[in-house]
């Protein structure tokens, strides 16, 4: 096997770098992606609505609950290690006692909490798990935890005969972690890992129930859950995945996919509010997971981040499940007047619900919820533990796929490749269209053509996925007889393509930018020098003519919208590269000719995975390939299935692969593939590091 390592450097040519820049106009790209979100959201809304009634079947509910755990990153459940619970102090009130405590949901993952216990309690009491929402409780950079902001709920329940555990969330606890990874921290590697802080919150809820079961004051057969805002969302998670919850009142914690994606409500939410939506659910799927147990959906009518129309939509779709189970009395909807705020009106009905279904009482609510303590009084830690992993839990919470052992032979390799492909289909590219388009369905149309100095260019458009009509530029030198190279460009390659094509064919009116990569243009020029050669360039969605906003925060929220649809922008660009290859093969001048793929930078990853589904006949060249998917580009859940070195081996099983190593790509990327190729008979894997 030939192994050659070449480190390439990229220089800017004066002709490219000095090209005048036009003001960037994203209006076309913004309109297209908005329409795309509208169409996809509508489709998922309809599909979910069709399947919600199936939740009447206990077996379906069980599988959906497993899927929810999977999307939270806790299927299978992490090991239930010792909680190591410690009570660090006690506060006495005339009507109740507060124990300040902590436990470890996993080693080093600390959960700080306050346990409210009625005074003079005899026997076991019904218990409420109160899951806190976002509330900053801080002085002099010391966090007392959001449990201090929601203490009035724990106090009310204890004054009325309930045991209540209120506990801090990851981001706003005494040991602050991170909820805003993709929102503002640029942690897009969360998506390849399949990580969401919602999973940590759900796991902490499970372990909180484990802790409550150890307490002699708790009636483990009568545990309910409630919480508001973020706590409302976490109430949904724990009610949906843990049978120990007997009554639930999620407050301001759910709305429709339409609200989040199309109406833009996602811009008001951090990542803790969302599962990794692998199975592509509208949120109307979630309430039925708790059926037929008592569920009160509670909200205000002027809540901007949980709009009432979406809340009502979720409720109406849930009603059918409860009705079919003859449990209508167990489902309620409360809408009170007000904004996104913890109002007294919201408190009262939650108290009524818990009284009714955990105590069997229908007594008037005479006490209001009152905050009795200063936030610092409820603090658990005087000094934060040095062994905490709260601040880096995103790096370890979801297990990564292990690098497989090098197969011993062809049969073992075939079995491994099949399992990996199934994992990609199930976890990574589930968001692709269900239907494989035919050449006719791509609707490839010639838009323009021009000839100059023995070179010919044809511009085509094709439909990758509505509403996207994407461009193909076919550049040929002389009579088209040689191999055709299909080259998708990323946002770094696009300026170079504009400059190069604009210089060769001024009639196109294309102009490069000052950041154009001259080395790319030089490479393309070299490929085109051979008579009969053809280059086919494609610009996937969000690149070039369809690029959306470059403003950082709105751009981040667009990427987050893709994730809510069970996709990523890069995953859908991989689909576009597949369709571009299909479109190129359908052209009369290219039919029957050898085809190869060339991807550079981010496009190398799109090209790599597209080649698994649309194998080229002549091979794949990958330049600037990242060493790991943690470095980007972003593919949903991919690190739960495989990493780049294994994907390279898979591609090598379909067509010869050349990996050009350089600053971004380490030689180790090809090690697994070359070792596997050496073991597998029959030249099944063909890899060259260059």
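Brief remarks on what is shown
- For beta carbons closer than 6 Å, sequence separation of 6+ or different chains, a first residue in the stretch 636-649 that is without any contact (Cβ under 8 Å) to a residue 40 or more places away in the chain and not assigned by TED's automatic domain parsing to the domain that holds residue 612 and a second that is surrounded by fewer than 24 Cβ atoms within 10 Å (Cβ to Cβ) and in a helix (DSSP H, G or I), there are no qualifying pairs.
- So residue 598, is it out of contact with any strand residue (DSSP E or B) (no Cβ under 9 Å at 6 or more places or on another chain), in the same structural domain as residue 541 (by TED's automatic domain parsing) and touching a residue at least 24 places away in the same chain (Cβ under 8 Å): no
- Condition check for residue 561: in contact with a helix residue (DSSP H, G or I) (Cβ under 6 Å, 6 or more places away or on another chain) and assigned by TED's automatic domain parsing to the domain that holds residue 484: yes
- Residue in the stretch 465-483 that is nearest to residue 617 (Cα to Cα), counting only those that are under 41 Å from the mean Cα position of the chain (by Cα) and assigned to a loop (DSSP other than H, G, I, E, B): 483
- Residue in the stretch 476-496 that is modelled with pLDDT of 95 or more, surrounded by fewer than 17 Cβ atoms within 10 Å (Cβ to Cβ) and more than 24 Å from residue 601 (Cα to Cα) present: no
- Complete set of residues in the stretch 347-367 that are surrounded by 11 or more Cβ atoms within 10 Å (Cβ to Cβ), at pLDDT 90 or above and outside any helix (DSSP H, G or I): 361
- Conditions (1) surrounded by fewer than 16 Cβ atoms within 10 Å (Cβ to Cβ); (2) modelled with pLDDT under 95; (3) within 30 Å of residue 230 (Cβ to Cβ); (4) touching a helix residue (DSSP H, G or I) at 6+ places or on another chain (Cβ under 8 Å); number of the one not met by residue 408: (3)
- Residues that are surrounded by fewer than 22 Cβ atoms within 10 Å (Cβ to Cβ) and in contact (Cβ under 8 Å) with a residue 60 or more places away in the chain occur at least once in the stretch 243-252.
- Residue 542 being assigned to a loop (DSSP other than H, G, I, E, B) and either out of contact with any helix residue (DSSP H, G or I) (no Cβ under 9 Å at 6 or more places or on another chain) or in contact (Cβ under 8 Å) with a residue 12 or more places away in the chain (or both): yes
- Flag if residue 580 is touching a residue at least 60 places away in the same chain (Cβ under 8 Å), more than 16 Å from the chain's Cα centre (by Cα), surrounded by 23 or more Cβ atoms within 10 Å (Cβ to Cβ) and over 30 Å from residue 189 (Cα atoms): no
- Considering 589, 632, the condition of being more than 18 Å from residue 462 (Cβ to Cβ) and either surrounded by fewer than 24 Cβ atoms within 10 Å (Cβ to Cβ) or outside the structural domain of residue 193 (by TED's automatic domain parsing) (or both) is satisfied by 632 alone.
The values are calculated or read from the model by the stated rules, or taken from the named source; none is laboratory data. Since we're looking at a predicted model, the values are computed, not measured. Backbone-built Cβ (ideal geometry, glycine too); neighbour counts: all protein chains shown.
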